[in-house]
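The values are calculated or read from the model by the stated rules, or taken from the named source; none is laboratory data. Because the structure is a prediction, the values reported are computed rather than measured. All Cβ positions, even for glycine, are placed from backbone atoms using ideal geometry, and neighbour counts span all protein chains on display.
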Amino acid sequence: MYTYCVNFGLEKTAEKVLQTKRGISKTIITILETKKLKPKKCRICGKVMPWNSSYGICSECYKRSYISHDDDYYDPFDW
């Protein structure tokens, strides 16, 4: 909707749309942060991660998965 308004020169409407989107996003984030949702856990080590994490593994496991052993790829699942 925002892009449509911008493309057709409706700047005032585009700004209202953008403000509404931001308000909705903040409300959703607040609701999700206060709910007792099942925690997201790293699939390798089980560490609890933020509910909005985009990845299935924590940063420590990600870093560990790229440690080089004699220039071979280190498979984090091969412990």
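Numbers at a glance
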quantity: Contacts under 8 angstrom Cβ, first residue in the stretch 28-46 being in contact (Cβ under 8 Å) with a residue 60 or more places away in the chain, partner not polar (S, T, N, Q), 6 or more apart; calculated: none
quantity: Among the candidates THR20, THR30, residue that is out of contact with any Gly (no Cβ under 6 Å at 6 or more places or on another chain), part of a helix (DSSP H, G or I), modelled with pLDDT of 90 or more and outside the structural domain of CYS58 (by TED's automatic domain parsing); calculated: THR20
quantity: When residues of the stretch 44-79 are limited to those that are of a type in the set (Gly, Ala, Ser) and closer than 27 Å to THR30 by Cα, the one modelled with the highest pLDDT; calculated: GLY46
